[in-house]
Amino acid sequence: MRRAFFFAVLLLTSAGARAEFSGNVAVEGQAFGESAQFDQQFDSNVTLSFEPRWNGEWNDADDLWSLELFLRADDGDAGREHADIREALWLRIDGDNEWRVGINTMFWGVAESQHLVDVINQIDQVEGIDGEDKLGQPMIHLKRYQDWGVLDFLVLPGFRERTFQSAAGRLRTPLVVDTEQAAYESSDEERHVDYAFRFSQTYGDLDLGVSWFRGTSRDPLLLPGSDRDGNPVLIPFYQQMAQLGVDAQWIYRDWIWRLEFIRREARSNDYGAYVAGFEYTFYGIVETDIDFGTLVEYSADSRPEGEGGAFDHDIFVGGRFGFNDAQSSEILAGFVIDTENRGRSFRVEGSRRFGASWKGTLELQTFSNIDADDLLAALQNDDYLLLEMAYYF
Amino acid sequence: MFKPKTALLLALVAIPAAASAQSAEQKGLEIAKAAKAYDRGFTDFSANMIMTLKNRSGETSTRLIRIRSLEVEGDGDRSLSIFDEPADVKGTKMLTYSHGLEPDDQWLYLPALKRVKRISSRNKSGPFMGSTFAFEDLGSQEVEKYTYRYLREEPCGDWTCHVIERYPAYEFSGYTRQVAWIDSEAYRLVKAEFYDRKKTLLKTLTAGDFRQYLGHYWRPGTMNMVNHQTGKSTLLEWNDYQFRTGLTESDFRSQTLKRND
């Protein structure tokens, strides 16, 4: 991280460079409705986060740089206290080629309820269970524009381990994940160089992406083991994998249809998975400015029950109210229902701006009717309410 | 049977009657075409926009948006909006390929998720960023988006204006009609009234502080949109207009939204 700061300072002081500074600082309070299932877990906590960003350009904007950090300080749960470089990037624009060298965070895919084809970045799991907070990934990335599509070639040196809650953390597995014992299939361990490729193109109202990845899986197997003191723990094991991904989105009138499909091959098993669904928006409901979007997505996974991810034969049903007001008020609500064992999780999230610089977010998450053998069983006492106030600058 | 001569005579009598019945529509269309023709050839521009929202009790909030626009031969313009304020949406970008009567193609870049989302843009009657401007008020003004009717000429400030009615020809407009005051010299849109689906007056737009660029193209420095039904208003102040800055189609690609400009 010190080197990244040095890099930034060097750029900032070089002739003609212009730096912009932005970001946010936020305080977050989280309270759980039921007492903890496991010893040591907290019932409520307050955390602070800081996300500064610097960016600038030189060479008549043919060269751009950016540095984005994330820091969280925690009062009770050491597992959520962490720092990460989300971005430390040099971008070179050379006609139809764009070169990105450094650390970057990127997003592939179209679905809303889960992200199957999005495999470049590791998930920052202590930041959220939705997989949308991600750790910065070192990369050399060439993006090439052709008339017939956009090509992305990525070389990914250096692997990022997934973050897991410590013993004190809520929303965790019954046994603590001992990240210090992380093991790898490849003898190169976290120094294994991964490769990825993507083709994407827009055909009228259809957007299509085909991607391929070969390297260390971002999703570890969690194997039983024991820590130094002989206590049972889970040990993350990172396999080698190859994944083919397809994502497509089609806009038809007020409908948006989405599909993500993957085929993944690894030593433990080969499997396929998909998420498919639609979003339909009602504009200006009951003669107001409010838009109401409905979302339905179905997820399936060919692995046997219990071996798969949390999303096997699940239906996501969601609604999105956009108030289109001066405060950008928004409410999102969604159910995930397991069609095989009827387990349910529900989340509602509301946000609005206060004044010019503050944004408040309220989030409620519940788990109900979870089977004892479901992956979510560990979370059944973890219904929570979260309030965040963030100051943006 | 008429003799050929009589038929010709009848035709001569009939044509002016038909022409005058059609002329208000024809004349309105001619004015719209002339306005578009006057503006043709600007190639591209960039500008900064300060948007001030005011509610009924006079409270204001401000947005800063950078606009880049590219003229496309035989299609609607392409435009990129980059949001600088309020701070929580800083870095958000909206890319629009407008297409006359067909729905536009539109993409949104959300910096918090580093995600580019293609969005449905068929319904453009909703408010832009909580303002009194609807998306359809800010889109590229293509001739075929409306049918027209010429009303009259009347003085408008220092100029003389054509007053024409415009009826949206695209689906899902929030308006039944608009009345536009367009000056007869350089086709500047000075004022417009917007009538809602119940045909009552909804909003009035007034533009001012016009400046000429490249010795030809006129752009307003201010645009104020008052909603008569809610008491809200929105003022757009445009500055740093630059034309022919060398923007190309490669600056308006959905994938380039991820660049940190």
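The values are calculated or read from the model by the stated rules, or taken from the named source; none is laboratory data. Note that the structure is a prediction, hence the values are computed from the model and not measured. Cβ placement follows ideal geometry from the backbone for every residue including glycine, while neighbour counts extend to all protein chains displayed.
Would you confirm whether or not the stretch A:363-385 contains a residue that is crowded, with 16+ Cβ neighbours inside 10 Å, closer than 23 Å to A:Val275 by Cβ and within 14 Å of chain B (Cβ to nearest Cβ)?
No; the residues of the stretch A:363-385 include none that is crowded, with 16+ Cβ neighbours inside 10 Å, closer than 23 Å to A:Val275 by Cβ and within 14 Å of chain B (Cβ to nearest Cβ).
Suppose the filter is among the polar types (S, T, N, Q), in contact with a strand residue (DSSP E or B) (Cβ under 7 Å, 6 or more places away or on another chain) and in contact (Cβ under 8 Å) with a residue 40 or more places away in the chain; does B:Thr234 pass it? Don't jump to the end; show me each part of the working.
Values: among the polar types (S, T, N, Q): yes; in contact with a strand residue (DSSP E or B) (Cβ under 7 Å, 6 or more places away or on another chain): yes; in contact (Cβ under 8 Å) with a residue 40 or more places away in the chain: yes.
Judged against the criteria, B:Thr234 is a match.
Counting just the residues of the stretch A:126-138 that are surrounded by fewer than 21 Cβ atoms within 10 Å (Cβ to Cβ) and not in a loop (DSSP other than H, G, I, E, B), which one comes out nearest to the other protein chains (Cβ to nearest Cβ)?
Here the residue is A:Glu127.
Keeping to the stretch A:67-114, report how many residues are charged (D, E, K, R), crowded, with 21+ Cβ neighbours inside 10 Å and either facing chain B (nearest Cβ under 9 Å) or assigned to a strand (DSSP E or B) (or both).
Residues in the stretch A:67-114 being charged (D, E, K, R), crowded, with 21+ Cβ neighbours inside 10 Å and either facing chain B (nearest Cβ under 9 Å) or assigned to a strand (DSSP E or B) (or both): 7 in total.
Just wondering, is there one or more residues in the stretch A:207-224 that are in contact with a strand residue (DSSP E or B) (Cβ under 7 Å, 6 or more places away or on another chain), more than 23 Å from A:Arg263 (Cβ to Cβ) and acidic (Asp, Glu)?
no
Filter the stretch B:76-105 for residues that are outside any strand (DSSP E or B) and in contact with a Ser or Thr (Cβ under 8 Å, 6 or more places away or on another chain) and give the result.
B:Gly76, B:Asp77, B:Pro86, B:Ala87, B:Asp88, B:Val89, B:Lys90, B:Gly91
Applying the selection to the stretch A:9-38, what residues are at pLDDT below 75 and either in contact with a Lys or Arg (Cβ under 9 Å, 6 or more places away or on another chain) or not β-branched (Val, Ile, Thr) (or both)?
The answer is A:Leu10, A:Leu11, A:Leu12, A:Ser14, A:Ala15, A:Gly16, A:Ala17, A:Arg18.
What number of residues within the stretch A:255-275 satisfy the criterion of being surrounded by fewer than 17 Cβ atoms within 10 Å (Cβ to Cβ) and farther than 23 Å from A:Gln122 by Cα?
Adding up the residues that qualify gives 1.
When you check B:Ala180 against the structure, is it free of Cβ contacts under 8 Å to residues at least 24 places away in the same chain, away from chain A (no Cβ under 14 Å) and of a type in the set (A, V, I, L, M, F, W, C), yes or no?
yes
Given the conditions (1) crowded, with 19+ Cβ neighbours inside 10 Å; (2) farther than 27 Å from B:Ile50 by Cβ; (3) out of contact with any Lys or Arg (no Cβ under 7 Å at 6 or more places or on another chain); (4) modelled with pLDDT of 95 or more, and given that B:Tyr148 satisfies all but one, which numbered condition is not satisfied?
Failed condition: (3).
Only one of (1) among the charged types (D, E, K, R); (2) out of contact with any strand residue (DSSP E or B) (no Cβ under 9 Å at 6 or more places or on another chain); (3) within 12 Å of another protein chain (Cβ to nearest Cβ) fails for A:Arg191. Which number is that?
With respect to (1) among the charged types (D, E, K, R); (2) out of contact with any strand residue (DSSP E or B) (no Cβ under 9 Å at 6 or more places or on another chain); (3) within 12 Å of another protein chain (Cβ to nearest Cβ), A:Arg191 is out only on (3).
Restricting the search to the stretch B:153-177, which residues are of a type in the set (Gly, Ala, Ser) and within 14 Å of chain A (Cβ to nearest Cβ)?
B:Ser173, B:Gly174
Hey, which of the strands (runs of 3 or more DSSP E) in the stretch A:231-334, taking only ones fully inside, have at least 1 residues that are within 14 Å of chain B (Cβ to nearest Cβ) and not hydrophobic (A, V, I, L, M, F, W, C)?
Fully inside the stretch A:231-334 and qualifying: A:240-252, A:255-266, A:270-282, A:291-301, A:314-322.
Given the residues B:Pro111, B:Pro86, B:Pro127, which is the only one that is at the interface with chain A (Cβ under 10 Å from one of its Cβ atoms), within 24 Å of A:Ser357 (Cα to Cα), without any contact (Cβ under 8 Å) to a residue 12 or more places away in the chain and not aliphatic (A, V, I, L, M)?
Among B:Pro111, B:Pro86, B:Pro127, only B:Pro127 is at the interface with chain A (Cβ under 10 Å from one of its Cβ atoms), within 24 Å of A:Ser357 (Cα to Cα), without any contact (Cβ under 8 Å) to a residue 12 or more places away in the chain and not aliphatic (A, V, I, L, M).
Restricting attention to the stretch A:24-60, and to residues there that are more than 14 Å from chain B (Cβ to nearest Cβ) and charged (D, E, K, R), which single residue is nearest to the chain's Cα centre (by Cα)?
Looking at the filtered set, the residue picked out is A:Glu28.
A quick yes/no check of all residues on (1) at the interface with another protein chain (Cβ under 10 Å from one of its Cβ atoms); (2) surrounded by fewer than 21 Cβ atoms within 10 Å (Cβ to Cβ); (3) among the hydrophobic types (A, V, I, L, M, F, W, C):
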| site | (1), (2), (3) |
| --- | --- |
| A:Ile140 | no, yes, yes |
| A:Trp148 | no, yes, yes |
| A:Asp152 | yes, no, no |
| A:Thr163 | no, yes, no |
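Within the stretch B:187-204, which residues are part of a loop (DSSP other than H, G, I, E, B), surrounded by 15 or more Cβ atoms within 10 Å (Cβ to Cβ) and of a type outside the set (Ser, Thr, Tyr)?
Across the stretch B:187-204, the qualifying residues are B:Arg188, B:Asp196.
For B:Arg66, indicate whether it is surrounded by fewer than 20 Cβ atoms within 10 Å (Cβ to Cβ) and of a type in the set (Lys, Arg).
Here the answer is yes, as B:Arg66 does meet what is asked.
Any residue in the stretch A:378-393 that is in contact (Cβ under 8 Å) with a residue 12 or more places away in the chain sitting within a Cβ distance under 7 Å of a residue that is of a type in the set (A, V, I, L, M, F, W, C) and part of a loop (DSSP other than H, G, I, E, B)? List the pairs, counting only those 6 or more apart or interchain.
These pairs meet every condition: A:Leu379/A:Leu171; A:Gln380/A:Ile370; A:Asn381/A:Ala36; A:Asp382/A:Leu171.
Say we look at the stretch B:96-108 and pick out the residues that are within 16 Å of the chain's Cα centre (by Cα) and more than 9 Å from every other protein chain (Cβ to nearest Cβ); which of these is surrounded by the fewest Cβ atoms within 10 Å (Cβ to Cβ)? Please lay out each step first, then the result.
Narrowing the stretch B:96-108 to residues within 16 Å of the chain's Cα centre (by Cα): B:96-104.
Subsequent filtering for residues that are more than 9 Å from every other protein chain (Cβ to nearest Cβ) retains B:96-102, B:104.
Numbers: B:Thr96: 24, B:Tyr97: 21, B:Ser98: 23, B:His99: 18, B:Gly100: 15, B:Leu101: 12, B:Glu102: 14, B:Asp104: 22.
Checking each candidate, the answer is B:Leu101.
For B:Ala35, only one of the following conditions fails: (1) crowded, with 18+ Cβ neighbours inside 10 Å; (2) away from chain A (no Cβ under 11 Å); (3) touching a Lys or Arg at 6+ places or on another chain (Cβ under 9 Å); (4) under 30 Å from A:Thr202 (Cα atoms). What is its number?
Here B:Ala35 clears every test but (4).
Yes/no per residue for (1) polar (S, T, N, Q); (2) over 29 Å from B:Ser120 (Cα atoms); (3) within 17 Å of the chain's Cα centre (by Cα):
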| site | (1), (2), (3) |
| --- | --- |
| B:Pro155 | no, yes, no |
| B:Cys161 | no, yes, no |
| B:Arg177 | no, no, yes |
| B:Ser184 | yes, yes, no |
| B:Leu189 | no, no, yes |
| B:Asp209 | no, yes, no |
| B:Leu236 | no, no, yes |
| B:Gly246 | no, yes, no |
